[in-house]
Each structure stands twice: as structure tokens, then as C-alpha cells.
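For reference, the structure discussed in these notes is given below.
The values are calculated or read from the model by the stated rules, or taken from the named source; none is laboratory data. Please read all numbers here as calculations on a predicted model, not as lab measurements. Methodologically, a virtual Cβ is constructed for each residue, glycine included, from the backbone with ideal geometry; neighbour enumeration extends over all protein chains shown. Areas reflect the complete protein model, heavy atoms only, side chains present, ligands, DNA and RNA absent. Shrake-Rupley method; radii C 1.70, N 1.55, O 1.52, S 1.80 Å.
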Amino acid sequence: AFVTSSFHHIIQPLADHLGVEIVLANSLVYENGTTTGAFREPFMFGSEKKTRALILMQAEGILPRNCSFYSDSVHDLPLLEAVGKPVAVNPDPKLKQIAFERKWEILNFH
């Protein structure tokens, strides 16, 4: 599954290409085929992202300790802390420090 703060309409084509079956992402509100600029709730960010991911895991019968989550942002700390294998990818400075202190895997791509 993709659990992201990005927009659904951007992530879904990538998910389709990669064969990822579930996408939890932000969506925009549309009226008459045009976006209003407003976000459809829930807004996938911070602790809400964790909440939605845990609901998905429970529905699928998956234990969080058996999951990985990859992030570049300290704003994803709630979900990173909830899974068995947190991975910091090109992390922002604060997440990089936390990942280093907690001995989490850190991946850097240039």
C-alpha cells in the first residue's frame, strides 16, 4: 500500500504501474468536474496518516510490527514509530537525527 500525503490523482498511476493495490492519499474536492481547491477529509498528514494506516492494517489482518514504512519527513514520525521497520529515505535533518539515534535504516539517493 502507498500511504502518502501526496494527491491521489498523482499517486494512483504510479500505484497502477507498480501493481500497488491500495492507495491512501489526499484527494481534492470536485464540483462539476473542477476542483474547488479544498481537500477531501481526512487529510493524510502526521498522526492522521498513522491512524488511517493502522485501520488499513487491522482490516487486512496485518500486524504493524510486520510492516515497513519509508519516509523523508519528521512529520511522519507517528507512523514510523508504529511499524516494525521504519526507514528514513533522504530524510530531512530532524528525521535523520532521530533515525540515527534510534538505529533505523537510513537510505540516501542522489
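Report, by residue number, each residue of the stretch 55-70 that is hydrophobic (A, V, I, L, M, F, W, C) and farther than 13 Å from residue 84 by Cβ.
Of everything in the stretch 55-70, those that are hydrophobic (A, V, I, L, M, F, W, C) and farther than 13 Å from residue 84 by Cβ turn out to be 55, 56, 59.
Of all the helices (runs of 4 or more DSSP H) wholly in the stretch 28-110, which have at least 2 residues that are of a type in the set (Ser, Thr, Tyr)?
47-60
Name every residue in the stretch 13-23 that is open to solvent by 40 Å² or more (accessible area, probe 1.4 Å) and either in contact (Cβ under 8 Å) with a residue 60 or more places away in the chain or under 21 Å from residue 79 (Cα atoms) (or both), in order of residue number.
21, 22, listed by residue number.
For the stretch 77-107, which residues satisfy the criterion of being crowded, with 18+ Cβ neighbours inside 10 Å and in contact with a Cys (Cβ under 7 Å, 6 or more places away or on another chain)?
83
Which residue is nearest to residue 103 (Cα to Cα), if the candidates are limited to the stretch 51-71 and must be open to solvent by less than 30 Å² (accessible area, probe 1.4 Å) and not small (Gly, Ala, Ser)?
Checked the stretch 51-71; the qualifying residue nearest to residue 103 (Cα to Cα) is 69.
May I ask you to verify whether residue 17 is in a helix (DSSP H, G or I) and in contact with a Gly (Cβ under 6 Å, 6 or more places away or on another chain)?
It is false that residue 17 is in a helix (DSSP H, G or I) and in contact with a Gly (Cβ under 6 Å, 6 or more places away or on another chain).
For the structure I just gave you, tell me whether residue 48 is acidic (Asp, Glu) and free of Cβ contacts under 8 Å to residues at least 12 places away in the same chain.
Working: acidic (Asp, Glu): yes; free of Cβ contacts under 8 Å to residues at least 12 places away in the same chain: yes.
Taking the combined requirement at face value, the residue satisfies it.
What about residue 74, is it touching a Ser or Thr at 6+ places or on another chain (Cβ under 8 Å) and crowded, with 16+ Cβ neighbours inside 10 Å?
So residue 74 does not fit the description; no.
Among (1) loosely packed, with under 12 Cβ neighbours inside 10 Å; (2) modelled with pLDDT of 90 or more, where does residue 48 come up short?
With respect to (1) loosely packed, with under 12 Cβ neighbours inside 10 Å; (2) modelled with pLDDT of 90 or more, residue 48 is out only on (1).
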